[in-house]
Amino acid sequence: VNEAKLLADEGHKEIVLTGIHIGHFKPSLMPLLNELEKISKIERIRLSSIEPTEADDALIDWAASSTKACHHFHLPLQSGCDKILKAMNRPYCTEDFRNIVKKIRAEIPNAAITTDLIVGFPGETEQDFNETMSFLKEMKFSRIHIFKFSPRDGTPAAVMPNQVNNGEKNRRSDLVQDIWHESAKEFHSKFLGQELEVLWETEENGCFSGFSKEYVPCILPENGQKLENTITTAIGLKATADHLTVEAI
């Protein structure tokens, strides 16, 4: 909280909670979020990443009701196949993940849901990968951070049988990227003709770039104003997988 106050005094408008298992703050994450909300100069609070099992009803309710909460959940999935999730020792299955996403979208229909995914985990067959592909299409993530499995000495996975070769990892990574780009464009298209509040971060090549509360990357052609570190309202004009071109109001 003290760090957030210092950042607010320096002029920062958005803070991002980062770390491993931020849902494990004691006694819980909610008291911290409630304290951060009281900092008047902070206009946005975003969570960098939270484990699916830690995105409970209280957190979803807070995100839906708070005027400062960003409507963005980064929920690491890692695999859309229950067999592989079990091999990874993940504490959830695809049905658990699906139910959490349903809760979020029921309360916050336009929330961005992003994820991490590992392709080529030892023992991942073509059928397993196809299950993951189907699950990704169902979830419609707005962004997927794709990682190709890389063995690390001393870990159980490094000596598991049926290691996947690098060529196959590359192929699977490309296929996941295609799905991600399709769902990203679909998500960005939701905001065509809609108003968004955008925090402008940089100016480059005659355009301002920034993010909406829903983690939509927005591009605005330079209009003679100085917009860095300001939050303005804009309307979506053109959607691609990479960003949403907007018009200032």
Could you check PHE135 against (1) in contact with a Gly (Cβ under 6 Å, 6 or more places away or on another chain); (2) in a helix (DSSP H, G or I); (3) over 18 Å from LEU77 (Cβ atoms) and say which number it fails? (3)
Any residue in region 21-35 that is within 20 Å of GLU228 (Cβ to Cβ) and in contact (Cβ under 8 Å) with a residue 24 or more places away in the chain? no
Region 97-156 - residue that is among the basic types (Lys, Arg) and touching a residue at least 24 places away in the same chain (Cβ under 8 Å) and, of those, nearest to ASP57 (Cα to Cα): LYS103
Could you grab me the full set of residues in region 175-205 that are part of a strand (DSSP E or B) and charged (D, E, K, R)? GLU195, GLU197, GLU201, GLU203, GLU204
If I filter region 84-114 down to residues being within 14 Å of the chain's Cα centre (by Cα) and not in a helix (DSSP H, G or I), which single residue comes out as surrounded by the fewest Cβ atoms within 10 Å (Cβ to Cβ)? ASN110
Being open to solvent by less than 80 Å² (accessible area, probe 1.4 Å) and either in contact with a strand residue (DSSP E or B) (Cβ under 7 Å, 6 or more places away or on another chain) or charged (D, E, K, R) (or both) is the filter here; which residues of region 146-156 pass it? ILE146, PHE149
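Scan region 2-16 for residues that are open to solvent by less than 40 Å² (accessible area, probe 1.4 Å) and either of a type in the set (Ser, Thr, Tyr) or more than 13 Å from LYS68 (Cα to Cα) (or both) and jot them down.
ALA4, ALA8, GLY11
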Please work out which residue is nearest to LEU237 (Cα to Cα), limiting yourself to region 195-204 and to residues that are surrounded by 15 or more Cβ atoms within 10 Å (Cβ to Cβ) and in contact (Cβ under 8 Å) with a residue 40 or more places away in the chain. LEU196
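Would you check if there is a residue in region 41-48 being under 20 Å from the mean Cα position of the chain (by Cα), modelled with pLDDT under 95 and surrounded by fewer than 19 Cβ atoms within 10 Å (Cβ to Cβ)?
Taking region 41-48 first, the residues under 20 Å from the mean Cα position of the chain (by Cα) are 43-48.
From what is left, the residues that are modelled with pLDDT under 95 are 48.
Subset that is surrounded by fewer than 19 Cβ atoms within 10 Å (Cβ to Cβ): 48.
Yes - at least one qualifying residue is present in region 41-48.
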Can you tell me which of VAL176, VAL159, VAL164 is aliphatic (A, V, I, L, M), farther than 28 Å from ILE15 by Cα and open to solvent by 60 Å² or more (accessible area, probe 1.4 Å)? VAL159
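Yes or no: region 116-130 includes at least one residue that is part of a loop (DSSP other than H, G, I, E, B), closer than 19 Å to LEU47 by Cβ and either open to solvent by 40 Å² or more (accessible area, probe 1.4 Å) or not hydroxyl-bearing (Ser, Thr, Tyr) (or both).
no
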Selection within region 53-83 - open to solvent by 40 Å² or more (accessible area, probe 1.4 Å) and in a helix (DSSP H, G or I): THR53, ASP57, ALA58, ASP61, ALA64, SER65, ASP82, LYS83
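The values are calculated or read from the model by the stated rules, or taken from the named source; none is laboratory data. Because the structure is predicted, anything quoted here is derived from the model rather than measured. Heads up, the Cβs are rebuilt from the backbone with ideal geometry, glycines too, and the neighbour counts pull from every protein chain shown. Only protein heavy atoms, including side chains, enter the accessible area calculation; ligands, DNA and RNA are left aside. Shrake-Rupley method; radii C 1.70, N 1.55, O 1.52, S 1.80 Å.
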